[in-house]
Amino acid sequence: QAMSAFPEARRPPDPGPVTHIPPDAPVDFVRIIDHWTARDGQASYTVYQLLVRGEGAQPGEWSVYRRYQAFRRLSDDLRQCGCRVPVLPPKRPFGYMEESFIHNRKRELEAWLHKLKDYFHQFSGATDPLSTPEFRAHRSG
């Protein structure tokens, strides 16, 4: 889901046309390409822009915008459906808006998404998390 409360100085790029993804087509995370701080009333949070690719999708690559809580929800959903899931970087109660923390969190979340893909290949009999309805529900715009 796209974030709606972006600061005046920084808005996400125009999402472009709607992405059409065949129902059983593989969807893959590529990388986190950007991040910024957004505000919702008095609360501030970081939004991450993820580049996603889908086989047979039109267009073939697109961006989705997520905050940390969406990664937490995805991790929980995948665990509930029986997927092996790496440990998500922990939530930090203080200092979470410092640029150094945000930059490190971006790297950690990107590494987490790549590990999530790798776990399927490392563990015999593991469920492919990228093929589950839980992941596919989190995949798009």
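Details
- Extension gain, residue 55-residue 92: 0.36 nm per intervening residue step, less the Cα-Cα distance, totals 9.8 nm.
- Solvent exposure ordering (accessible area, 1.4 Å, most first) of 107, 73: 107, 73
- Simple label model, 7 Å out from Cα along Cβ direction - residue 73 to residue 44, nm: 2.4
- Anisotropy class assigned to the range 27-128 is oblate, per the alpha carbon gyration tensor with a/c at or over the 1.5 cut-off and a/b no larger than b/c.
- Per-atom-type breakdown for the range 27-128 gives carbon and sulfur 47% of the accessible area (1.4 Å probe, protein chains only).
- A protection proxy built from the mean count of other Cβ atoms within 10 Å ranks the segments 47-58, 18-29, most packed first, as 47-58, 18-29.
- Residues residue 20 and residue 118, FRET efficiency given R0 of 30 Å [Cβ-Cβ distance, rounded to 0.05]: 0.60
The values are calculated or read from the model by the stated rules, or taken from the named source; none is laboratory data. For clarity, every value in this text was computed on a predicted model and none was experimentally measured. All Cβ positions, even for glycine, are placed from backbone atoms using ideal geometry, and neighbour counts span all protein chains on display. Only protein heavy atoms, including side chains, enter the accessible area calculation; ligands, DNA and RNA are left aside. Shrake-Rupley method; radii C 1.70, N 1.55, O 1.52, S 1.80 Å.
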